[in-house]
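See below for the structure under consideration.
Just so it is clear, none of the values below were taken in a lab; they were calculated from the coordinates. If you're wondering where the values come from, they're calculated on a predicted model, not measured in any experiment. Please note: Cβ atoms are built from the backbone with ideal geometry, for glycine as well, and neighbour counts cover all protein chains shown.
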Amino acid sequence: MRIAVLDDYLQLSQRLADWSRVQQQAEVTVFDRHLGEEEAVRELADFDAVCHLRERMAMPASLIDRLPRLKLIVVTGFEHRTLDLAAAAQRGILVTRAPNKGEGLHATPELAWGLILSLARKIPQSAAGMKQGAWQLHAGSVLRGKTLGLLGLGRIGRCMVPIARAFGMEVLAWSSRLTPEEAAAAGATWAAKDELLARSDYVSLHLVLGERSRHTIAARELALMKPGACLVNTARAGLVDEAALLHALQNRLIAGAGLDVFEHEPLPADHPFRRLDNAILTPHLGYTVEESLRAFYAATVECLEAWLCGTPIRVVEPTTIPETKP
């Protein structure tokens, strides 16, 4: 029996969970680099089970159908939009879920604030300059008195509000179903989307990704933003039209962007985002904290142990994966 742990870039899976009982019954192999589809076909051909970390690796039908020994896929989190559940079901492959219980809820909003502060005070540029022997290179700006616009006021969006208030910022919020009363209860002021974009100094995305919300920020929306405003996306890459954002940043239509999520991950080494001096990029760190990873890997081990004993738990049916949560 062979089990693959995929995309464990930081090699934390074995340290953050107890795999001893699984290893008594199976050989566990950890992949600490991303596998493209053709490489995955070669590397995973002899594995009986694979363990995913969120959406790091896509498993379309074209891959699933070429893994002849595959019997189990363990997915982490509450959804896995890049897994073809129907293809797995057609092959008789069991899919089980390894969720966390909110251990990393504050990780993403904390990162969003890290990006906002970095944009405001030019921290990455100044830190890099210090390493190169330079001294003061940039003058930043304070957050007090500025306006934060939240597109999405779900669990993560609501976490942004008290921090903004502590900085002395005005907070506007919008989503397609948000009411003024709900916004007020969370400590924010409801605004129409166009008004929010026009008034905000920082726009932070915290929306559910679905067909209606795809490209919520595109060329039209970017044109509504102030020339000195910044966009922050720690939610889902599909919420933003990347080509439109690239154009806006290259032509200084907005001041900057802080991005943690990308249409293609890992972000290609030659991607033009990497060459922008007004974009702060992080490698999908939103949930990548030890608290979240410990919960994911512990739940993964539970799924594997149950499956190896013939009593699988948290089985995912083809219709039970919800849309991405905010």
Query raised in the report: Roughly how many nanometres apart are two label points built 7 Å out from the Cα toward the Cβ at ASP277 and ILE313?
Result: 5.4 nm
Query raised in the report: Using a basic spin-label model with each label point 7 Å from the Cα along Cα→Cβ, how many nm lie between ASP18 and VAL289?
Result: 2.5 nm
Report summary line: Most exposed first, judged by fewest Cβ atoms within 10 angstrom, LEU53, LEU83 run LEU83, LEU53
Requested in this report: Note down, for the chain, the three equivalent ellipsoid semi-axes (square root of 5 times each alpha carbon gyration tensor eigenvalue), biggest first, whole angstrom.
Outcome: 38, 22, 19
Query raised in the report: When the Kirkwood hydrodynamic radius is evaluated over all pairs of different C-alpha atoms of the stretch 83-125, what value in angstrom, to one decimal, is obtained?
Result: 14.0 Å
Query raised in the report: List the aspartates and glutamates whose alpha-carbon lies under 13 Å from that of LYS146, not counting same-chain residues fewer than 8 positions away?
Result: GLU170, ASP201
Report summary line: Correct semi-axes for the stretch 105-281, from √(5λ) of the alpha-carbon gyration tensor and rounded to whole Å with the largest first, are 25, 19, 15
Query raised in the report: Which value, in debye to the nearest 20, gives the size of the charge dipole of the chain about its Cα centre, when Lys and Arg are +1 and Asp and Glu are -1 at the Cβ?
Result: 800 debye
Query - Size descriptor, Kirkwood hydrodynamic radius, that averages inverse alpha-carbon separations across the stretch 1-98, Å - result: 13.5 Å
Report task. State, to one decimal in nm, how far the label point of ALA219 lies from the label point of PHE78, with both points 7 Å from Cα in the Cβ direction. Result -> 3.6 nm
Query raised in the report: How long is the gain from ALA61 to ALA243 if the chain were fully straight, where each residue apart is worth 0.36 nm and the alpha carbon distance is subtracted?
Result: 62.7 nm
Query raised in the report: Under a GNM of the chain (C-alpha, springs under 10 Å), which listed residue has the highest mean-square fluctuation: TRP19, TRP307, TRP135?
Result: TRP135
Query raised in the report: the stretch 169-215: percent of C-alpha pairs farther apart than 18 Å?
Result: 28 percent
Requested in this report: For the stretch 105-281, give the magnitude of the charge dipole about the Cα centre (Cβ charges: +1 Lys/Arg, -1 Asp/Glu; no others), in debye to the nearest 20.
Outcome: 380 debye
Query raised in the report: Given charges of +1 on the Cβ of Lys and Arg and -1 on the Cβ of Asp and Glu, with all other atoms neutral, how large is the dipole of the stretch 147-213 about its Cα centre, in debye to the nearest 20?
Result: 180 debye
